[in-house]
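The values are calculated or read from the model by the stated rules, or taken from the named source; none is laboratory data. Because the structure is a prediction, the values reported are computed rather than measured. We place every Cβ from the backbone using ideal geometry, glycine too, and count neighbours over all the protein chains shown. Areas reflect the complete protein model, heavy atoms only, side chains present, ligands, DNA and RNA absent. Shrake-Rupley method; radii C 1.70, N 1.55, O 1.52, S 1.80 Å.
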Amino acid sequence: MKSVLNGKTVVLGITGGIAAYKTPELVRLLKKAGANVQVLLTDSAKQFVTPTALGTVSENPVLTDIFPKDVQGSWTVHIHLARKASVFLVAPATANTIAKLAHGLADNILTNIYLALPPTVPVIIAPAMDTDMFVHPATQANLEILRQRGHIILPPESGLLASGLTGIGRLPELTAIVDKVNEVVAGAKGDLSGKTILISAGPTREAIDPVRYISNYSSGKMGFALASAAQKRGATVQLISGPVHLSPPVGVDLISVESALDMQTEIENRFIKADVVIMAAAVADYRVKSVSDTKIKKESSAGFELELVKNPDILQTLGKKKKKQILIGFALETDNEIEHARQKLVSKNLDAIVLNKANEPGAGFEVDTNIIRILPATGGIIEFPKALKTELADRILDFCLTLSEKNHV
Ligand SMILES: Cc1cc2nc3c(=O)[nH]c(=O)nc-3n(C[C@H](O)[C@H](O)[C@H](O)COP(=O)(O)O)c2cc1C
């Protein structure tokens, strides 16, 4: 069978963890799968594995310095190498390098090349360290930053560690790392290239006065995961988001909005040029009829009434305007969910609706995982087990791709 790694360049960053001694074998396995392997070594990694061994198995010069002493005029080497990468793998990744990658430091060849990667290059990070280092809030927060950036974190395994202690922190089996590289390169085939995808995310805020608003619990995580996954698969992505606390996905055109009316304007302006539109935002159904220009004072009277008016139904408007676009809505229902979602699907002229489970742990707003079902307009229900929003984003995009192939969009 022809390997997907045939002719691909795997840029392998090796850092100063004890598991670095295993990396000549990792290089050998990647080469066996057909990859061209370009090794980068940190200074600490040289304590555990030699450039000579890695250069021999990779059949490529091993890069260890930002300023190589013997190669004149080669200071742009990191830019060229970053552009050649099909995938950037850091294995083993120390707590120190994870922190540097999370915060954008560029003090060695590995961190420089990481920063020079084009946004389409997938990044896989395989942390390996002592259990206390791994579970430390600083390491976990740094890993979360990298995860939010769309990188793949290969979870370390539990077992006997170099320290003699037992716990989580072991580098996964080398074959599991190679399998992941294969999977990622196969997925990074750019199957959405040439497509323009418009995605809405997050809540909207409906002002009451200059200091107060009505909103909801949407975190924007699902919409951001969709935007990041679509960008990695080669799409041109425009992400219209309400106020969220998430970093903008790399390579995505992010348009920040506040209210439902702002969101409507930004989406409608871009709708005509979109091939796929995914409305993952939790748009407020109502807004305050007259927003006060000044802060509303606390009156002595006991009650206070706000008059609300209906916001435009953005999905419905898009459903009416729709020509070639694939239009996907999201629904979060608390009762008769399938029936309500189907009504929404039909009344808004959608191609499919993604139904979120609201009442189960690990699903819905704020959390990183979700439980979804896709209801296509053509009938039936596609069920998915609980999974990370980042993984489900790819499954939703796979579904959009099959629709687009059927509709020749
Ligand atoms: C014997 C030894 C083993 C080490 N193993 C690890 C490890 O497995 N994981 C880790 O994060 N750090 C480990 N360290 C600490 C790193 O080498 C240290 O943080 C270093 O600054 C990492 O540099 P680098 O990230 O540039 O490679 C180890 C240190 C020593 C002395």
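The table below gives the values:
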| read-out | value |
| --- | --- |
| Strands (runs of 3 or more DSSP E) (entirely within region 317-391) containing at least 1 residues that are out of contact with any helix residue (DSSP H, G or I) (no Cβ under 8 Å at 6 or more places or on another chain) and among the aliphatic types (A, V, I, L, M) | 326-333 |
| Checklist (1) open to solvent by 50 Å² or more (accessible area, probe 1.4 Å); (2) among the aliphatic types (A, V, I, L, M); (3) within 28 Å of LYS389 (Cα to Cα) applied to LEU308, failing item | (3) |
| Residues being within 13 Å of ASP132 (Cα to Cα) and in contact with a Leu (Cβ under 8 Å, 6 or more places away or on another chain) - total across region 157-182 | 4 |
| Residue within region 69-79 that is in contact (Cβ under 8 Å) with a residue 40 or more places away in the chain and charged (D, E, K, R) present | no |
| Residue in region 352-368 that is at pLDDT 95 or above and under 25 Å from SER215 (Cβ atoms) present | yes |
| Strands (runs of 3 or more DSSP E) wholly inside region 62-181 that include at least 1 residues being within 12 Å of the ligand (Cβ to nearest atom) and open to solvent by 30 Å² or more (accessible area, probe 1.4 Å) | 166-170 |
